[in-house]
Amino acid sequence: MTVQYQIPVWLDCDPGNDDTFGILLAAFHPRFKLLGISTVHGNAPLHKTTHNAVALLDVLGFKQDQIKVYPGAEEPLKGEPLFAAHIHGDSGIGGATLPETPKIKPSNDIGYLEAMRDSVLQYPNQICIVCTGTLTNFAQLIIKYPEVKSKIRFLSLMGGALNMGNITSFAEFNLYCDPKASEIVLNDPVIGPKSILAPLNITHTAVANSAVRLKIYNPQDENSNSSIREMFYKIIMFYSKAYETRYGIIEGPPLHDPVAIFSLLPLIQKQQNPEENLDEDYKYHYLRRKLTIVQDGEHKGETLVKDNDSSIEEEDGSYIGLNANIDLFWEYILDSLKLADEQVFGSK
């Protein structure tokens, strides 16, 4: 596999069925260098999302502190936390059999905000922060250490939706769970223009249909029937059943969170080669607009732009992903799964 520029990434997440695939992609694909993980309330309470992160790394063959995991915020900046057991199960990763007492433990050498800050300072102007849960941790980071804002290359987040929702008719779950943090981040004059959104509009195209699922795990194929693959397959199938029950989606569940990681690739490539046409490889299209997040009431958490005119572009607006090369996205996921297999079981 030819490796181009390796992107240093800090992953802030709330594992989460789809977060497991985000960790898989960031930890194994050679395009990314995963510097560390911070966990946050969201799909499940913090103690569960933290356990899920370290237990998954354990199962995937990592050693203590090879990828450090720091527990973050237990609740949003305002209000009470909301969890998503109806989609992700009580554990946060329904379908997964993870060790109750993993060998890997959360790191406590420094606090999570200090760990995030230190990584930014270690990789100034290169590091990308990826948030696949609420934005509580990141909002706290830029409030406490505003000096990091100018040194972050991109903030890529799974969150938001244009004219649709999943937790309500209007709002996407991550932004709904902490709208105050979302507003602080996306309206920041430094971070807002460096923010990449993977909203429901694009993540709903990354469907784990039956053909994809067979590539993840095929019990009849000795090259794709490992216990690691079976675990990811069971995670997908639990997620699929939840989507069928709640939303009537029978083709398969959308794999939201890894899209935020994948979305870094076309924009970094365009940054390095401004004249490059992103249609050729990534088929990536976006709006660039300033955003506001509704704070209260029936429309709480809704992602708003000034209007729905897609011909308008604001140079100081956030990047809002609309579509991407989903076949290529699945290639990245499957390549990462192959490398995880090799780490755990060795090359065949």
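No lab work stands behind these numbers, since they all come straight from the coordinates. Source: prediction; values computed, not measured. Note: ideal-geometry Cβ built from the backbone for every residue, glycine included; neighbour counts use all protein chains shown.
Look at the Cα gyration tensor of the chain: its axes a ≥ b ≥ c give a/c under 1.5, and that counts as rounded. Taking amide H positions as modeled 1.01 Å from N, with prolines and chain starts lacking one, the residues under 5 Å from Q295 and 5 or more places away or on another chain are G301. Here are some pairs, K283/K306; K306/K338; K78/K338; K33/K149; which of them have Cα atoms lying more than 32 Å apart in this structure? Check vs 32 Å cut-off fails for K306/K338; K78/K338. Positive end of the dipole of region 7-345 (Cβ unit charges, origin at the Cα centre): among S150, Y217, F262, the Cα lying farthest that way belongs to S150.
Each peptide among 31-39, 94-102, 164-172 gets the average number of other Cβ atoms lying within 10 Å of its residues, and from highest to lowest they stand as 31-39, 164-172, 94-102. Taking a sphere under 12 Å around the Cβ of I268 and counting the other residues whose Cβ falls inside, with K and R at +1 and D and E at -1, yields a net charge of +3.
Annotation: extensible slack from N125 through S347 equals 76.4 nm (criterion: 0.36 nm per residue apart, minus Cα-Cα distance). Segment K306..Y5, full-extension length gain: 104.8 nm, with 0.36 nm per residue of separation and the alpha-carbon distance subtracted.
Neighbours of L135 by Cβ distance under 10 Å: Lys/Arg scored +1, Asp/Glu scored -1, total -2. Taking 7 Å steps out from each Cα toward its Cβ at E276 and N323 produces label points 2.1 nm apart. The length gained on full extension between R288 and H47, counted as 0.36 nm times the residue separation minus their Cα-Cα distance, comes to 83.1 nm.
What nm distance separates the two modelled labels at N108 and E313, each placed 7 Å from Cα along Cα→Cβ? With each label placed 7 Å out from Cα toward Cβ, I get 5.0 nm.
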